[in-house]
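For reference, the structure is listed below as structure tokens.
The values are calculated or read from the model by the stated rules, or taken from the named source; none is laboratory data. If you're wondering where the values come from, they're calculated on a predicted model, not measured in any experiment. Glycine also receives a Cβ, built like all others from the backbone with ideal geometry; neighbour counts cover every protein chain displayed. Calculation scope for accessible area: heavy atoms of the full protein, side chains included, ligands and nucleic acids excluded. Shrake-Rupley method; radii C 1.70, N 1.55, O 1.52, S 1.80 Å.
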Amino acid sequence: MRTSSILWTLALLAALAAFPLVAPALGLDFYISFVRRVLIYALAATSLNLILGYGGMVALGHAAFFGAGAYAVGILAMSGVTSALVSWPVAMLLAALLAFITGAISLRTRGVYFIMITLAFAQMLFYIFISLRQYGGEDGLNLPGYSSLPGIDLANDVAFYYLVLVIFAVMMWLFGRVTLSRFGTALQGIRENESRMESMGYPVYRIKLTAFTLSGAVAGLAGALLANHNLFISPSLMHWTQSANLLIMVLVGGIGLRYGGVAGAVVMLVLEEVLRQWTEYWHLPLGVLLLCVVFGAPRGLVGLFGPLFGGRAAAQTGKAGS
């Protein structure tokens, strides 16, 4: 099963790597940018899956870290700092700091109180950026240009695509390493029975706070990439509806499955793109899809295929769920 998962992963990466090369011949140049956007949202959804699926922390404010990373790049660009080697790490650090502060307070609560506190922090940040008129307020902020990176021209769609693909592949590999490490195992143990893990001597609060901070940092990186993708940022990136979208992506793909966030982002964004061409009421079919997943595939779309795509992590999650 482990070998099968690796082969599927390599096949999908090869297909993604080959796509920009064959897209022009098929008249699909536009979809190079679209797939890049999907990869960015897949990274953001995967960061949420770390705390939601593996840590059991239902956070409804994850978009705050996503938007903070984007604004960090935008504000630095407006100040003349365009180097990605500076602005992208700053975006991750800022998002990690916000996640640390949010987690340090919200993780002292449980259940619906935890959900509401994470939502409250995100909405506070949302209204703060609406009030910052020097950075566009609620109208948003246009970036003066792409971040600069030695040897890579981000204005080139294909070059930027491959950069995002490499970052995505590396982060997914790291995500797999983290979830299969002792830390990841302890995090999953906390999800299953927090009281028991605490009685066994595990520093439950610190483990959860570390996961929450790591998750925020990765979301900040995704936000930095999205800022360069759109060359525009707005407070809507931090709104609770954006957090709900990421939550739905994880739910549709598979909570606690390694590629759950990826599958959910692909399905949600592809369906949105297709349905927009047919009707302006595209939210309705997406709602029907969500109901079908909840009732027909409680472990998400990836869960339908068992360990085929999720490898060892999926198998472990399946055993825990049963």
Could you identify the single residue in 252, 266, 262 that is modelled with pLDDT of 80 or more, open to solvent by 50 Å² or more (accessible area, probe 1.4 Å) and assigned to a helix (DSSP H, G or I)? 266
Answer yes or no: is there a residue in the range 185-192 that is out of contact with any helix residue (DSSP H, G or I) (no Cβ under 9 Å at 6 or more places or on another chain) and open to solvent by 70 Å² or more (accessible area, probe 1.4 Å). no
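Could you say whether any residue in the range 231-243 is in contact with a helix residue (DSSP H, G or I) (Cβ under 9 Å, 6 or more places away or on another chain), open to solvent by 10 Å² or more (accessible area, probe 1.4 Å) and over 20 Å from residue 98 (Cβ atoms)? Quick ask: steps written out before the conclusion?
Within the range 231-243, the first condition is being in contact with a helix residue (DSSP H, G or I) (Cβ under 9 Å, 6 or more places away or on another chain), and the residues that meet it are 232-243.
Still in the running and open to solvent by 10 Å² or more (accessible area, probe 1.4 Å): 232, 234, 236-237, 239-242.
Filter once more, keeping what is over 20 Å from residue 98 (Cβ atoms): 232.
Yes.
Per-residue answers, yes or no, for (1) without any contact (Cβ under 8 Å) to a residue 12 or more places away in the chain; (2) within 17 Å of residue 48 (Cα to Cα); (3) open to solvent by 10 Å² or more (accessible area, probe 1.4 Å); (4) hydroxyl-bearing (Ser, Thr, Tyr):
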| site | (1), (2), (3), (4) |
| --- | --- |
| 68 | no, yes, no, no |
| 75 | no, no, yes, no |
| 78 | no, no, yes, no |
| 82 | no, no, yes, yes |
| 90 | no, no, yes, no |
| 95 | no, yes, no, no |
Can you tell which of 290, 304, 308 is open to solvent by 60 Å² or more (accessible area, probe 1.4 Å) and modelled with pLDDT under 80? 304
Options 101, 152; residue that is without any contact (Cβ under 8 Å) to a residue 40 or more places away in the chain, open to solvent by 50 Å² or more (accessible area, probe 1.4 Å), closer than 28 Å to residue 244 by Cβ and not aromatic (Phe, Trp, Tyr): 101
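Taking the residues in the range 52-66 that are assigned to a loop (DSSP other than H, G, I, E, B) and open to solvent by 10 Å² or more (accessible area, probe 1.4 Å) as candidates, determine which candidate is farthest from residue 128 (Cα to Cα). Spell out how you get there, then give the answer.
Initially, the range 52-66 is screened for residues assigned to a loop (DSSP other than H, G, I, E, B), giving 53-62.
The next check asks that each one be open to solvent by 10 Å² or more (accessible area, probe 1.4 Å); those that pass are 56, 58, 60.
On the way: 56: 29, 58: 24, 60: 18 Å.
Of everything passing the filter in the range 52-66, 56 is farthest from residue 128 (Cα to Cα).
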